[in-house]
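Data first, discussion second: the structure below is written as structure tokens.
The values are calculated or read from the model by the stated rules, or taken from the named source; none is laboratory data. These numbers come from a predicted model, not from an experiment. Cβ coordinates were reconstructed from backbone atoms using ideal geometry, including for glycine residues, and neighbour counts include every protein chain displayed. With ligands, DNA and RNA removed, areas are computed over all heavy atoms of the protein, side chains included. Shrake-Rupley method; radii C 1.70, N 1.55, O 1.52, S 1.80 Å.
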Protein chains: 2
Amino acid sequence: MNEVRMPRNLPLLLLQAREAVISHFRPLLNHAGVTEQQWRILRALCELGELEPRQLCDICQILSPSLTGVLARMEETGLVARRKVDSDQRRLLVSPTAKGRALVKRMAPLVQQQYRLLEETLGADLMRDLYAVLDRLVAARDTPVARVPLPAGRQAGRRKEPSGD
Amino acid sequence: MNEVRMPRNLPLLLLQAREAVISHFRPLLNHAGVTEQQWRILRALCELGELEPRQLCDICQILSPSLTGVLARMEETGLVARRKVDSDQRRLLVSPTAKGRALVKRMAPLVQQQYRLLEETLGADLMRDLYAVLDRLVAARDTPVARVPLPAGRQAGRRKEPSGD
DNA sequence: AGTAAATCACTAACATGTTAGTGTGTCAAG
DNA sequence: CTTGACACACTAACATGTTAGTGATTTACT
């Protein structure tokens, strides 16, 4: 009895929604031999030109440590090229190679057609509403939100015991 | 010139939207010593009772190989218990332990309050529209969608060369 | 100039995502 | 009764997500 009342799980709902969409594109990407992340990066580079890693992190929603590995693999397979910036030795610039651009050019029509097929099934109105609502949500990304105070109490088994430090 | 025309990246937009939401809850989960996946599983078990792994996969959007490891770790830390089903030796049943239920009971009010704070910022109308659109999308999850034909042509460097087999 | 703070890509360690394949158990057709 | 198709949890191998921390710069301030 006395079930714990919980709000709906919005992150899970967004995850399910994403899976409902990406599942129709995964076969295409697999067939082209690129991962979802590699495809996001390649798209961004072809649309926006040479970018820095931190920009790719922002745009492609990939954390810096992940990006390091992804870019290394993409350089291995010849999809992108990295070069250092003279004016700032910390920074790096990533650009798509001819091979990478060719892949995007080859895939673009297929992706576009799959979008059309998806819209045929879901309905143009749902697609429109979807973009509209998500744009509103993402636009509010930078708006500060208050945080609930964290209780200082005991926790379940954590990865690292902070011990006394 | 002649830029390749591409539709908007809907999976990326959904990923950004999810991050915009989950970022406000991650500190809570970290503080409680559970991962997002563990929290999803624990919530599902506390709301729906004893479940089989494949049900958890469906509900929590976790693939079977991932779930195996997550459940093993949760059993280690005493959050869930696994038992075999007599009638079918293949199957398994997962249930929350007292410790797991206590964690959910402790976290629930904090999560709920954070949702209220988030809604205060985003606006109740956006939240309502968000749920409505996502529900429509997820509901159409099972509707079959036509697939673009995959060209038999060459691919970029793939993980495993199928060679001659 | 010189020092402290900030920035950037990166490494390390662990957890999860993704695909392919395995071993066991169940069930139905023959 | 047996054979074959199927379902289930699992393993293996690799790629990515997540957090903490590092070393090399660059910047702001003195």
- prompt: Ignoring ligands and nucleic acids, what accessible area does residue A:131 show with a 1.4 Å probe (Å², nearest 10)?
  reply: 40 Å²
- prompt: Accessible area of residue A:25, 1.4 Å probe, to the nearest 10 Å²?
  reply: 10 Å²
message: Summing both sides, how much accessible area is buried between A and B? Use a 1.4 Å probe and give Å² to the nearest 100.
response: 8000 Å²
field: For chain B, the fraction of alpha-carbon pairs in successive 10 Å shells from zero, as %
entry: 8, 25, 29, 23, 13, 3, 0
Hull shadow area, averaged, the protein assembly as shown [alpha-carbon convex hull, nm²]: 22.6 nm²
message: Per residue, how large is the accessible surface of the protein assembly as shown? Use a 1.4 angstrom probe and give square angstrom.
response: 57 Å²
query: Got a number for carbon plus sulfur as a percent of segment A:10-139's accessible area, 1.4 Å probe?
result: 51 percent
- prompt: Is it possible to state the helix-based mean residue ellipticity at 222 nm for chain B, with each DSSP H run of 4+ residues giving -39500 (n - 2.57), the sum divided by total residues, to the nearest 500 deg cm²/dmol? What is it?
  reply: -18500 deg cm²/dmol
task: Would you kindly find the accessible area of residue A:62, with a 1.4 Å probe and non-protein molecules such as ligands, DNA and RNA excluded, rounding to the nearest 10 Å²?
output: 10 Å²
query: For the charge dipole of the protein assembly as shown, defined by +1 on Lys and Arg C-beta atoms and -1 on Asp and Glu C-beta atoms about the Cα centroid, which residue among A:139, B:112, A:96 has the Cα displaced farthest towards the positive pole?
result: A:96
message: If I build a Gaussian network model for chain B, linking alpha-carbon pairs within less than 10 angstrom, which residue out of B:21, B:145, B:94 has the largest mean-square fluctuation?
response: B:145
